[in-house]
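Since the structure comes first, as structure tokens, the remarks are kept for the end.
The values are calculated or read from the model by the stated rules, or taken from the named source; none is laboratory data. Quick caveat: nothing in here was measured; it's all calculated off a predicted structure. Because the Cβ atoms are built from the backbone with ideal geometry, glycine has one as well, and the counts that use them run over all protein chains shown. Just the protein is used for accessible areas: all its heavy atoms, side chains included, with ligands, DNA and RNA removed. Shrake-Rupley method; radii C 1.70, N 1.55, O 1.52, S 1.80 Å.
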Amino acid sequence: MKEIIIATKNAGKAREFAALFAKRGIEVKSLLDFPDVPDVEETGSTFAENAKLKAEAVCQRLQRPVIADDSGLAVDALGGRPGVHSARYAGEDKNDARNIAKLLHELDGVPMEKRTARFHCALAVAIPGRPTVIVEATCDGYIAEAPRGEGGFGYDPVFYLPERGKTMAEFSPEEKNAISHRAKALAKLNEQWDEIMAEKGRTE
Ligand SMILES: O=c1[nH]c(=O)c2ncn([C@@H]3O[C@H](COP(=O)(O)OP(=O)(O)OP(=O)(O)O)[C@@H](O)[C@H]3O)c2[nH]1
Ligand SMILES: [Mg+2]
């Protein structure tokens, strides 16, 4: 297989998948390459449900194997919010800076030791005529008191990893891809990859 479609319009995710699949010599296309594919409503209450919805809708439309990623940030002091609403936390039009500002405001006064959080990633693989496969992974950290760093996307500037002394946005792309929730989920998929892609699902 030389190419896989990732059912995302998020350029940050598409970039990370491109780097992660490059190691296998597989080219990644995202929905930014298929502008006619309509948005899929994320009506599920879990990351796994939303990943499945996105993968199956796009697979149905394109009749090709598709991977979808539904991901987000769960903050313990906020009872798991923003969770599945991470992308649009501060309003319908997605805006990373406003999402971060809202998060920091809600955590105002919460001491560092209580600012525990985790990124969550669910990946769904949909192949025409096959049951959808789902894997999930997380990455633990803390919410910093102020943004730091220019890399990554989303909440990365406030996601602090104490063992590295850096926010996720201060990592190089390679460092993030070595430890992220997305990389860990993809590693799980990797273990099942040959089985998932065998026979009918193969695209050349
Ligand atoms: O700092 C971050 N580093 C990450 O590695 C990360 N992964 C996810 N997120 C946040 O969670 C939302 C996903 O929501 P989401 O899965 O619905 O994606 P999305 O709507 O952006 O694109 P699509 O894939 O649905 O087209 C994103 O927008 C981000 O706010 C991240 N933040
Ligand atoms: Mg989305």
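Among the protein heavy atoms, those of Lys52 account for about 80 Å² of accessible surface (1.4 Å probe, every chain in place).
With the charge dipole of the chain set up from +1 on Lys and Arg Cβ and -1 on Asp and Glu Cβ about the Cα centre, the Cα lying farthest toward the positive end among the listed residues Met168, Ala18, Gln192 is that of Gln192. The alpha carbon convex hull volume per residue for the chain rounds to 112 Å³. As a quick test, which of the pairs Lys2/Lys166; Lys23/Lys102; Lys2/Lys188 have an alpha carbon distance above 30 angstrom in this structure? Checking Cα-Cα distances, Lys2/Lys166; Lys23/Lys102 exceed 30 Å.
Summarising the strand pairing of the chain, around 80 percent of its internal DSSP beta bridges are antiparallel. Approximating the spin labels as points 7 Å out from Cα along Cα→Cβ, the Leu32-to-Lys2 distance works out to 2.2 nm. The heavy atoms of His120 offer some 40 square angstrom of accessible surface to a 1.4 angstrom probe. Could you check how much of the accessible area of the range 3-201 is carbon and sulfur, as a whole percent, using a 1.4 Å probe? Taking all protein chains in place, the range 3-201 shows 50 percent carbon and sulfur surface.
Restricting the range 119-201 to GluC sites (Glu not before Pro) that sit in a DSSP loop and have at most 11 other Cβ atoms within 10 Å of their own Cβ leaves Glu150, Glu163. If we count every other residue with Cβ under 12 angstrom of Ala144's Cβ, Lys/Arg +1 and Asp/Glu -1, where does the sum land? Taking every other residue near Ala144 into account, the sum is 0. With all protein chains kept in place, the per residue accessible area of the range 67-175 amounts to 46 square angstrom at a probe of 1.4 angstrom. Straightening the chain between Glu163 and Asp194 buys 7.7 nm, computed as 0.36 nm per residue apart minus the Cα-Cα spacing.
The 3J(HN,Hα) values that the Karplus relation (6.51, -1.76, 1.60; θ = phi - 60°) gives for the range 128-135 are, in residue order, x, x, 10, x, 6, 9, 10, 10 Hz. Gly and Pro appear as x.
What the pair-distance distribution of the range 1-89 shows, using all Cα-Cα distances binned every 5 Å from zero, is 3, 14, 22, 23, 18, 11, 6, 2, 0 percent.
Evaluated with a Cβ-only charge set (Lys, Arg +1; Asp, Glu -1), the chain carries a dipole of roughly 200 debye about its Cα centre, given to the nearest 20.
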